[in-house]
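The values are calculated or read from the model by the stated rules, or taken from the named source; none is laboratory data. Keep in mind that what you see is a predicted model, and the values were worked out from it rather than measured. Cβ placement follows ideal geometry from the backbone for every residue including glycine, while neighbour counts extend to all protein chains displayed.
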Amino acid sequence: MNKAVIINGGNTRNSRLTAIQQRVEGFFKNEAIAFQSIYVHELPAEDLITANFKSEAIKQVNQQVEESQIVVILTPIYKASYTGILKTYLDLLPQKALEGKIVVPLAVGGSAFHLLAIEYALKPVLSVLGATEILNTVYIIDKQIERLATDGFQIDEEAEQRLTTELQQLLSK
């Protein structure tokens, strides 16, 4: 059975990125794929900023990555790049931490102009970490995720279809 880890590089649990997180979690549950989630902003800030490889919290989440065959990377796009907090965590992964794993980059940004941020900023870092099987990025524009009055989110049909199509690629791997 495949195991997955979702690395959420956002800075809160209450953002449009949450809609993507929930959708991925729902997919894994429906397909009986065991998963764990890492919310980078909830890791000890001092450990991230000082690159504390000896931190128990960092060792624990790195173990989750090591034990997974699927790694989903979620990030908002700010200033034409993935978040700095995500970078601080990726820097704490062992050199070949993503070797032999399927990596799924998913991003939310304010406009289509930042679509290539993942291609030119995140994917090179993932490659350095040993990732060779990186699925196509699903980039969703903020306006494609509606915040509902009930504290939930609704992903627009076209974006939902692109996300579903990419997640289903995991089933053929």
- Sort out which residues of segment 121-141 are within 16 Å of the chain's Cα centre (by Cα) and assigned to a helix (DSSP H, G or I), and write them in order of number. Ala121, Leu122, Lys123, Pro124, Val125, Leu126, Ser127
- When only residues in segment 94-150 that are of a type in the set (D, E, K, R) and either within 17 Å of Thr83 (Cβ to Cβ) or in contact (Cβ under 8 Å) with a residue 24 or more places away in the chain (or both) count, which is surrounded by the most Cβ atoms within 10 Å (Cβ to Cβ)? Lys101
- What number of residues within segment 2-47 are under 13 Å from Leu92 (Cα atoms), within 17 Å of the chain's Cα centre (by Cα) and part of a helix (DSSP H, G or I)? 1
- Message: Pull out all pairs, ordered by first then second residue, where Cβ-Cβ is under 9 Å, the residues are six or more apart or on different chains, the first lies in segment 1-15 and is surrounded by 14 or more Cβ atoms within 10 Å (Cβ to Cβ), and the second is at pLDDT below 85 and in a loop (DSSP other than H, G, I, E, B).
- Response: Asn2/Lys173
- Which numbered condition trips up Ile49, out of (1) of a type outside the set (Phe, Trp, Tyr); (2) on the phi > 0 side of the Ramachandran plot; (3) at pLDDT 95 or above? (2)
- Task: Just need a number here: residues in segment 63-78 that are without any contact (Cβ under 8 Å) to a residue 40 or more places away in the chain and in contact with a helix residue (DSSP H, G or I) (Cβ under 9 Å, 6 or more places away or on another chain).
- Result: 1
- Task: Please tell me if Tyr89 is of a type in the set (Phe, Trp, Tyr), closer than 21 Å to Lys123 by Cα and modelled with pLDDT of 95 or more.
- Result: yes
